[in-house]
Amino acid sequence: MAPASNSHEYIIYCDESEERGEFFSDFYGGALVRGEDIAGVVAAIKQKKAELNLHREVKWQRVTEQYEAKYIALMDTFFDLVKDDKIKIRIMFTQNMYLAKGLTKRHVDDKYFILYYQFIKHAFGLHCSPILEGGVQLKVYPDKIPDTKEKIARFRSYVVALARVPTWRERDIKIHPDNVTDVHSHEHEVLQCLDVVLGAMHFKLNNKHRALTARNNTRRGSRTKAKERVFKHIQARIQDMRPRFNVGANTGQDTPDCFWRDRYRHWLFRPRERIIIPVRKKKR
């Protein structure tokens, strides 16, 4: 167990999708909740799930025409919490047209963890978060990581070492090794809702809303249409907070502390050293 502390607490739930899309890949999502808000956030989501008779784990894959209205209602509860700044959401992804240069075998083998590390380090703007008396205990809970114990242990050590980054040390952000651990999403309501948001972005950015049925290949299926409507509702909730929000681009930087302050942001991750490869143009 991590030692007790009088410091503040931030909890980051993380989810990812390694599935390579037609246009965008390597989707990572995070939801940050302050320690003083976590009980109320979880209670609100649990209560809404109970009202909607959503007794199974909530997942983007389970969105169907039958469950469309229930998922929209649950997303309203979730985004009400985001709008109230009880939850901060970050989504990161890569674009297939950008290919990193000079990668070693280690880079390729550890790509999953390298991107996860970059996401945790930068996406929430902890480097520009407020300096709080007593410092901050950071907890990082990724959804279950499908890899070896050795790689997971190395990843944990890298995340723990983030506490030595000068801007993090200035804010007295502490990371105990026991507080970096993968979890099962069915036990965490925030992670389940994050899965829906992350899945919706993967769905839209890779034109899955245009998919035709295998039966006749002339029209879209009812499930595809239902998922598109859920995505559009999520998009509308984001645009309510950010009117000029563009789902496939970096969220704009209007103030130096926006990476922390903003309730919702997207990050199109581009390798610093890269080449551009031609791909089929994405239709809107």
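The values are calculated or read from the model by the stated rules, or taken from the named source; none is laboratory data. None of the values given here were measured: they were computed from a predicted structure. Glycine also receives a Cβ, built like all others from the backbone with ideal geometry; neighbour counts cover every protein chain displayed.
If I152 passes every condition in (1) out of contact with any Ser or Thr (no Cβ under 8 Å at 6 or more places or on another chain); (2) of a type outside the set (D, E, K, R); (3) closer than 24 Å to R265 by Cα but one, which one does it miss?
Going through (1) out of contact with any Ser or Thr (no Cβ under 8 Å at 6 or more places or on another chain); (2) of a type outside the set (D, E, K, R); (3) closer than 24 Å to R265 by Cα one by one, I152 breaks only (3).
Provide a single number: the residues in region 156-188 that are surrounded by 15 or more Cβ atoms within 10 Å (Cβ to Cβ), within 20 Å of the chain's Cα centre (by Cα) and farther than 20 Å from I114 by Cα.
Adding up the residues that qualify gives 2.
Mind telling me which of the residues Q66, Q61, Q118 ends up being surrounded by fewer than 17 Cβ atoms within 10 Å (Cβ to Cβ) and at pLDDT below 95?
Exactly one of Q66, Q61, Q118 is surrounded by fewer than 17 Cβ atoms within 10 Å (Cβ to Cβ) and at pLDDT below 95, namely Q118.
What single numbered condition from (1) assigned to a helix (DSSP H, G or I); (2) modelled with pLDDT under 95; (3) farther than 24 Å from F24 by Cα fails to hold for T218?
(1)
Scan A73, A39, A69, A50 and give me the residue that is in a helix (DSSP H, G or I), without any contact (Cβ under 8 Å) to a residue 24 or more places away in the chain and under 20 Å from I238 (Cβ atoms).
A69
Pairs only if they're at least six apart or on different chains, beta carbon under 7 angstrom, first in region 82-97 and over 18 Å from P142 (Cβ atoms) and assigned to a loop (DSSP other than H, G, I, E, B), second at pLDDT below 95 and of a type outside the set (V, I, T); list them, first residue then second.
The qualifying pairs are N96/F23; N96/F24; N96/S25.
May I ask you to say which residue of A226, A200, A153 is in a helix (DSSP H, G or I), surrounded by fewer than 14 Cβ atoms within 10 Å (Cβ to Cβ) and not basic (K, R)?
A153
So if I check each of L194, L205, which one is crowded, with 17+ Cβ neighbours inside 10 Å, more than 20 Å from I12 (Cβ to Cβ) and at pLDDT 95 or above?
None of the others qualify; the one that does is L205.
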